[in-house]
Amino acid sequence: MSAPEIQPTEPHGSISLRIMPAPADTNHLGNIFGGWVLSQMDVAGALHVTNLTNQRVVTVAVESMKFHKPVQVGDEVTCYTRTGRVGRTSMEVVIETWVRKQYKKGPLLHVTSGTFVYVAIDEAGTPTPIKLDTEAASR
Ligand SMILES: CC(C)(COP(=O)(O)OP(=O)(O)OC[C@H]1O[C@@H](n2cnc3c(N)ncnc32)[C@H](O)[C@@H]1OP(=O)(O)O)[C@@H](O)C(=O)NCCC(=O)NCCS
């Protein structure tokens, strides 16, 4: 039997993206498509890396993804990001997605978590060493 999963009680990381889904983003059950949430998290993770490096990056892998709770139209969706492992050309970003329901009056809920990996590339699309840009990071 696996150990019970410990859920964070508050967001960890910095806000990289905030957005509100529309009816066009729903699935046949009336919830927001998992793929929509995944794509927002992918953008949030890429912004996290470019904010720290000022480099062109691409996603090489989604190492883990878990949908804890459904997202609904009108939820305020926020992706919180933090740096994980940093390699030579790649950076792992741990992403938590939280929603605020009912136009700020409702609870803050942890809906999705994932670990995405990005690779810095040059103009030709070849992996290039990650260079932390302290000026970019402080802007
Ligand atoms: C990302 C890409 C440039 C990597 O090219 P590659 O020739 O496979 O590069 P490498 O084998 O040298 O790996 C580059 C880095 O990615 C990491 N990596 C490669 N595959 C990985 C995987 N499945 N999971 C985690 N990290 C991975 C490597 O460990 C390496 O990291 P490091 O330098 O920090 O050790 C290339 O695969 C690509 O262009 N993929 C398409 C990207 C894309 O279109 N993404 C979606 C839209 S943004």
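A few comments on the model shown:
- Residue list for region 82-97, restricted to those being more than 7 Å from the ligand (Cβ to nearest atom) and either of a type outside the set (S, T, N, Q) or more than 19 Å from Thr112 (Cβ to Cβ) (or both): Arg82, Gly84, Arg85, Val86, Met91, Glu92, Val93, Val94, Ile95, Glu96
- Verdict on Ala124 being part of a helix (DSSP H, G or I) and either near the ligand (Cβ under 10 Å from one of its atoms) or over 17 Å from the mean Cα position of the chain (by Cα) (or both): no
- Just one of the numbered conditions (1) within 16 Å of the ligand (Cβ to nearest atom); (2) part of a strand (DSSP E or B); (3) more than 13 Å from Ala44 (Cβ to Cβ); (4) not acidic (Asp, Glu) is not true of Val62: (3).
- Residue count, region 100-135 (criterion: modelled with pLDDT under 95 and of a type in the set (Val, Ile, Thr)): 1
The values are calculated or read from the model by the stated rules, or taken from the named source; none is laboratory data. Computed from a prediction, not measured in an experiment: that's the story for all the values here. Reconstructed Cβ throughout: ideal geometry from the backbone, glycine too, with neighbour counts over all protein chains shown.
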